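Let me begin by presenting the structure, written as structure tokens, before commenting on it.
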Amino acid sequence: MEPNLHLTKDGKLFLRLPGKQYKPYRMIGIVDGRTLITERDYTRHLFRKFNAFGFSYEAIKYGGRYFDEIVVRVGFDTLKCTRHYLLKHGKILNFKRNDLEKQIFLPIDDFNKKDEDGGEDTPPLIQTKSTRSVCAQLSFMV
């Protein structure tokens, strides 16, 4: 079942997962141009088994109409990858017992890498006024 992705006028991307009891509607991040920007915290969001950060698989799979690149802010660190790279190299897990949706994880060491199939390097993050304001909007997500 395809989830409902909703992009607001101010760039906030929301995900609605019908039939889920736990957080059926949540903000995924901010879309700036064709880039999804989200924040994570090492102590709260790191999946230690893979040393990876997770994302809603459905949001990544069906998010192609909204974003091609993903920027993850972790404290003062910036991790980047393309949507294509995450779908190709990520590990998919489904935590049914915890009533969570299917998630895709990418190890920290796999961010900021070039795709072997001829894909381009992850483009550098250009610090713009809109990017800084996006980070301020995301501060409540941590």
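The values are calculated or read from the model by the stated rules, or taken from the named source; none is laboratory data. Quick caveat, the model's predicted, so the values are computed rather than measured. Cβ coordinates were reconstructed from backbone atoms using ideal geometry, including for glycine residues, and neighbour counts include every protein chain displayed.
List of remarks:
- Taking the criterion of being closer than 22 Å to Pro24 by Cα, in contact with a strand residue (DSSP E or B) (Cβ under 8 Å, 6 or more places away or on another chain) and assigned to a helix (DSSP H, G or I), the only residue of segment 35-51 that qualifies is His45.
- Being over 20 Å from Leu13 (Cβ atoms) and modelled with pLDDT of 90 or more is a condition met by at least one residue of segment 90-108.
- Within segment 25-34, none of the residues are exposed (fewer than 12 other Cβ atoms within 10 Å of the Cβ), within 21 Å of Lys102 (Cα to Cα) and among the aliphatic types (A, V, I, L, M).
- Residues of segment 52-95 satisfying the condition of being surrounded by 19 or more Cβ atoms within 10 Å (Cβ to Cβ) and part of a helix (DSSP H, G or I): Tyr57, Glu58, Ala59, Ile60, Gly63, Arg83, Tyr85, Leu86
- Among the candidates Tyr62, Tyr42, Tyr66, residue that is among the aromatic types (Phe, Trp, Tyr) and either closer than 19 Å to Asp109 by Cα or without any contact (Cβ under 8 Å) to a residue 60 or more places away in the chain (or both): Tyr42
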